[in-house]
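Engineer: Structure in structure tokens, see below.
The values are calculated or read from the model by the stated rules, or taken from the named source; none is laboratory data. The structure presented is a predicted model; accordingly, all values stated were derived computationally and were not measured. As a convention, Cβ positions derive from the backbone with ideal geometry for all residues, glycine included, and neighbour counts pool all protein chains shown. Heads up: the accessible areas ignore ligands, DNA and RNA and are worked out on the full protein's heavy atoms, side chains in. Shrake-Rupley method; radii C 1.70, N 1.55, O 1.52, S 1.80 Å.
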Amino acid sequence: MTPRELEEYRALRATIRERGTARVWLFGAGLGAWAALVLTTASTMTVPVATLLPLLVLAGVFEGVLALHVGVERVGRYLQVFYEAGEDSGERRWEETAMAFGKDAAKGTPDPLFAHIFLFAIAWNFVPAVLGGALPVEWLMIGSLHILLMARVVTAKRHAAVQRPADLARFQELRQKQ
């Protein structure tokens, strides 16, 4: 490995570490901000549409967590293809091993997107609208937006489940073109 390649490898491994940590902090801080908004909304609610502000916060936090996760996975596949592929030196191959482990990981392993918690929070976010005596048109509008965000979380989780092999194939294709 050239000095430049070694520096790139170290920087990319640091990127994975830092983004992984940032994802957890963003989730915790974002959920705290959402909870404060829900409590405020529930205690001072004058209109059911006020539940949309905490919903927007949940959506933003989820998108941030998703972006950090997707970025970390993509950097990992890049390292796997451009730094680990074809090495027969007997060295450990972290990215290759992590990907193989992830395929057969037991149920109940941590969810990097915190999808179940986001789904629960989205459902809980609807409670102030229920307690606020929403009109049918408000139920439809507010409920539809909550359901759309739930659908986004579910589809993002499904996409994340197939991202590793798709990114791996794409990086292998790019490497062959070089």
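Engineer: Looking at the stretch 127-158, which of the residues that are at pLDDT below 90 and of a type in the set (Val, Ile, Thr) is nearest to GLU73 (Cα to Cα)?
Structural biologist: Of everything passing the filter in the stretch 127-158, VAL127 is nearest to GLU73 (Cα to Cα).
Engineer: Let me ask something else. So which residues in the stretch 135-144 are in contact with a helix residue (DSSP H, G or I) (Cβ under 6 Å, 6 or more places away or on another chain) and closer than 15 Å to TRP124 by Cα, if there are any at all? Spell out how you get there, then give the answer.
Structural biologist: Initially, the stretch 135-144 is screened for residues in contact with a helix residue (DSSP H, G or I) (Cβ under 6 Å, 6 or more places away or on another chain), giving 138, 142.
Listed by number, the list holds a single entry, ILE142.
Engineer: So, in the stretch 106-132, how many residues would count as being in contact (Cβ under 8 Å) with a residue 60 or more places away in the chain and not in a helix (DSSP H, G or I)?
Structural biologist: Selection size over the stretch 106-132: 4.
Engineer: Which residues, taken from the stretch 33-84, are within 11 Å of the chain's Cα centre (by Cα) and without any contact (Cβ under 8 Å) to a residue 12 or more places away in the chain?
Structural biologist: Result: GLU63, ALA67.
Engineer: Also, quick follow-up: Scan the stretch 143-164 residue by residue and report those that are out of contact with any Leu (no Cβ under 7 Å at 6 or more places or on another chain) and touching a residue at least 60 places away in the same chain (Cβ under 8 Å).
Structural biologist: As a first pass, look at the stretch 143-164 and keep what is out of contact with any Leu (no Cβ under 7 Å at 6 or more places or on another chain): 143-144, 147-148, 151-152, 154-155, 158-159, 161-164.
ARG152, GLN163, ARG164, listed by residue number.
Engineer: If we scan the stretch 133-142, do we find a residue that is open to solvent by 70 Å² or more (accessible area, probe 1.4 Å), touching a residue at least 24 places away in the same chain (Cβ under 8 Å) and under 28 Å from the mean Cα position of the chain (by Cα)?
Structural biologist: Checked the stretch 133-142: at least one residue is open to solvent by 70 Å² or more (accessible area, probe 1.4 Å), touching a residue at least 24 places away in the same chain (Cβ under 8 Å) and under 28 Å from the mean Cα position of the chain (by Cα).
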